1. Which of the three applies to region 145-259, rounded, prolate or oblate, going by the alpha-carbon gyration tensor with a ≥ b ≥ c and a/c under 1.5 meaning rounded?
2. So how long is each side of the chain along the principal axes, counting just the alpha-carbon atoms, biggest first, in Å?
3. Just for region 145-259, what percent of DSSP beta bridges are antiparallel, to the closest 5?
4. Given the options D228, D316, D192, state which has the largest fluctuation in a GNM of the chain using a 10 Å cut-off (strictly under) for Cα springs.
5. Could you tell me which trypsin sites (Lys or Arg not before Pro) in region 220-326 are loop residues by DSSP with no more than 11 other beta carbons within 10 angstrom of their beta carbon?
6. Tell me which of I130, T11, G189 sits at the most positive position along the dipole axis of the chain, charges placed on C-beta atoms (Lys, Arg +1; Asp, Glu -1).
7. Which angle between 0 and 90 degrees, to the nearest 10, do you get for helix 202-214 versus the longest principal axis of the chain when only C-alpha atoms count?
8. What number comes out for the charge environment of R75, summing +1 per Lys or Arg and -1 per Asp or Glu over other residues with Cβ under 13 Å away?
Amino acid sequence: MGSIRNIGVMTSGGDSPGMNAAVRAVVRTGIYHGLGVYGIRRGYQGMIEGDIFKMATTDVSNIIQRGGTILKTARSKDFMTEEGMDKAFEQLKKHNIDGLILIGGDGTFRGAAQFFERHSIPAIGLPGTIDKDLSGTDFTIGFDTAVNTAVEAIDKIRDTAEAHDRLFVVELMGRDAGYIALNSGIACGAEDILIPETKTDINDVLDRIDADERRKKAVHIIVVAEGDDFGGAKEVQECIVKRFPKLDVRSCVLGHIQRGGAPSYADRVLASRLGHAAVEALLKGNTQVMAGIVNGEVVYTPLTKVVKEFAPISADMLEMIRVLSA
Ligand code: F6P
């Protein structure tokens, strides 16, 4: 099958739950096909520094259920330089690595695009990010777990909000995408969801609180994505307090808790399918693409295309939020 003999696998950028399951699938599929499989630690930084080791099937035992990444991860500034890319390529040659599997998100694939302009090596990307900010896939590895984590947290916040008749503003991750906030907010019955994909008019938000107050709806939970155009939880809280000084308002930034923890079953299955498919595709000569899942099927999209072209949020969904939060 093809001319690839040794592949390197790495995780890069922000970790996401399910990355370990993806590494496991890549390592075991590669070894099944008789390939040498090399783990590259700390993403591109480890590639530059030659932090590379040969992996056996047992190196990935007992990791499918673990969050984080056994290969560790990093955001490498050095790799953005020509010198860094050249050093990384030298290290790949030194280890006879002639194929790459890159597990990461937007930053990882942007880095890859620049690298491949300079150096030629077959590669496949896997969408490993909680943000779901890539096109070419309906889900990214880690997104489902992150949303479940956020949902569990907001459910708990609603308990204390009910007990005190308080208004809460909860800020969720997603960088400049609102998918985590949107899906978590819907699943928790949030009264308002503020996301970067739609312009936030804070006066509308305040008017909705006013309307709820008038009809004695005591609990109001606003979910705001960290990348929302108006601002984060603190800014929203300040505006609410200014207009409704008598309201008891709290804010909560959920932060990195959304990145950790055991991956959900959905993320484990997704990571396993994509990790397996990536090695198979690489061996068949399908390269410089990302393996994603669309309508339940594995599809391959050029790496240059998946970056920052994520799907728009449907108007139906936004309309639904208004109706259901009554
Ligand atoms: O890309 C994943 C993510 O968790 C984003 O949601 C967030 O904006 C960013 O990474 C945080 O990065 P860091 O862990 O470097 O603070």
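The values are calculated or read from the model by the stated rules, or taken from the named source; none is laboratory data. Just so it is clear, the model here is predicted, and its values are computed rather than measured. Heads up, the Cβs are rebuilt from the backbone with ideal geometry, glycines too, and the neighbour counts pull from every protein chain shown. These area figures cover heavy atoms from the full protein model, side chains too; ligands, DNA and RNA do not enter into them. Shrake-Rupley method; radii C 1.70, N 1.55, O 1.52, S 1.80 Å.
1. oblate
2. Dimensions of the chain along the principal axes of its Cα atoms: 70, 37, 32 Å.
3. 0 percent
4. Highest fluctuation among the options: D316.
5. When the trypsin sites (Lys or Arg not before Pro) of region 220-326 are filtered for loop state and at most 11 Cβ neighbours within 10 Å, K246, K284 remain.
6. It is T11.
7. The answer is roughly 50 degrees.
8. After counting each charged neighbour, the total is +2.
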